[in-house]
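First up is the structure itself, then whatever we jot down about it.
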Amino acid sequence: MAADWLGSVVSINCGLTLGVYQGEVCSVDHASQTISLRQPYHNGVRCPVPEVTFSAMDIKELKFLDIQNTINKPSSGQGAATEPGSVPSGRHGQSNRITHPHATGSSSSSQPSTAPITILRRAPAGSSSSRGATQAAQKKSGVRNGGAGGPMRTKDDECFGDGTDEDLDTDFDFEGNLALFDKAAVFSQIDGTQSHGGRAQHHSTQGEQRPTSYRHDENILEGKAVIYRQITVPQHGGKEYCTDSGLVVPSVTYELHKRLLAAAERWGLSLERRLETTGVCSSQMALTLLGGPNRLTPKNVHQRPTVVLLCGPHIQGAQGISCGRHLANHDVEVILFLPNFLKMQDSVTSEVNLYSRTGGKQVANVKDLPASPVDLVINCLDCHENRLLREQSWYQSAADWANQNRAPVLSIDPAVSEQHQTVEAKWTLSLGLPLPLPEAESRVYLCDIGIPKLVFQEVGISYHSPFGCKFVIPLHRAHQSTH
């Protein structure tokens, strides 16, 4: 009765070592307790051989995937799965019946067969025929390695064991493997929806909203609404700026800015400390403009950037000299222009003495400045207190040289003026809070000079720092304020 099982599609589980095979039963040998499959698949991959034979001792589980061919056959078995180590047989002796068949793909109208399934075992003598696929692959590999018994084959067997080359000559069945993966169901589960009847339904109960999906850079914690106007001033300067994050930064009049610096100085933020902070922040900005780590490297010592400082004999000039000292300390070639026939403030003298210890160059005549374009010009010629400096010859000569040198210009703390700036700057650096600078193509930046929050409050400014993690931030021009 073994012929009754011919043509059935079965799945044979041979354990972790040999894996799972599927195929059509083409031979059942009751005497040797073997079963053969035609056009077999091994773990979902088509085998390189047309037929594979299995021994009962290697079979852990046998399932019938299609029992339609066995329906209404005489003496057909009731179960669709056999116990480990059994093969289908027509004998009634030594039988164990399976009372709960599991037949995948069977018709609902088919009736289960009632033939018994006999479990016969034999002594574990000899190698199993189920290794036919492995042996065939080994033969192919043996030809490549100089023969089936060659030294390379022996080394592979000793290292990796049997079956290492079983699937090397077989292309992976991508379509068959992909068919086992229900991608729509998985994505439906991920998205929290289930496709049913062409419509997407939420798994959530009625009235419950689907949770919001967040990007990796979004905050999932609900917080208070962002207040973008966190700085208010009693005397508005007439202009408003905003940061990259949208915070509004209003401008202040020079009188209010002067009162703010005086209050900070009373609390210990002396002029010397402000000069040092301004020098550090402005030099860091200048180093970034010069190229930063791409320009200032030990391998690029032959192309040191050149910076020209145009300074006057006042506090703004002292701020520029402090910036030049820090630039010189970072291997930048600095040339300081400072007229020596004018009376200088004590702060300027102190900064010049410090700068001279860096080895930087200092000139007092515009004719000694480079004729070829430099990398950067830092303008600190203007003074908030003395507007008459612009009419002096040394100032006009320095301004003309800067405009003709064709180098980009950074102005530090420029004076408020309704007129156009004498030196056309590409970047402007304001301190603390911006002054109402005239409309120009210059890009405005703001520098944190370390004024405490309560010092702002003392002069009537409600202040919350807009700097975040930086000390120099860019400002963008907003609408004209009507306050």
Open item on the list: Could you list, ordered by first residue, the pairs with Cβ atoms under 9 Å in which the first is in the stretch 262-284 and on the phi > 0 side of the Ramachandran plot and surrounded by 22 or more Cβ atoms within 10 Å (Cβ to Cβ) and the second is not in a helix (DSSP H, G or I) and not β-branched (Val, Ile, Thr), at least 6 apart or interchain?
Closed with: none
Open item on the list: For the structure I just gave you, tell me whether residue 444 is within 43 Å of the chain's Cα centre (by Cα) and surrounded by 18 or more Cβ atoms within 10 Å (Cβ to Cβ).
Closed with: yes
Open item on the list: So for the stretch 348-363 (the condition being out of contact with any helix residue (DSSP H, G or I) (no Cβ under 7 Å at 6 or more places or on another chain), touching a residue at least 60 places away in the same chain (Cβ under 8 Å) and assigned to a helix (DSSP H, G or I)), does at least one residue qualify?
Closed with: yes
Open item on the list: Residues that are touching a Cys at 6+ places or on another chain (Cβ under 7 Å), modelled with pLDDT of 75 or more and of a type in the set (Phe, Trp, Tyr): list the helices (runs of 4 or more DSSP H) wholly contained in the stretch 169-274 that include at least 3 such residues.
Closed with: none
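In the set 77, 19, 23, which member is touching a helix residue (DSSP H, G or I) at 6+ places or on another chain (Cβ under 9 Å) and either among the small types (Gly, Ala, Ser) or modelled with pLDDT under 80 (or both)?
77
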- [ ] Taking the residues in the stretch 362-385 that are surrounded by fewer than 17 Cβ atoms within 10 Å (Cβ to Cβ), within 46 Å of the chain's Cα centre (by Cα) and not hydroxyl-bearing (Ser, Thr, Tyr) as candidates, determine which candidate is nearest to residue 410 (Cα to Cα).
- [x] 373
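Taking residue 289, is it surrounded by 14 or more Cβ atoms within 10 Å (Cβ to Cβ) and touching a residue at least 60 places away in the same chain (Cβ under 8 Å)?
Answer is yes for this residue.
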Open item on the list: Of all residues being of a type outside the set (A, V, I, L, M), more than 16 Å from residue 336 (Cα to Cα) and touching a helix residue (DSSP H, G or I) at 6+ places or on another chain (Cβ under 8 Å) in the stretch 371-399, which is modelled with the highest pLDDT? Just the residue, please.
Closed with: 396
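The values are calculated or read from the model by the stated rules, or taken from the named source; none is laboratory data. Fair warning: this is a prediction, and the values are worked out from it, not measured in the lab. No Cβ is skipped: glycine too gets one built from the backbone with ideal geometry, and neighbour counts run over all protein chains shown.
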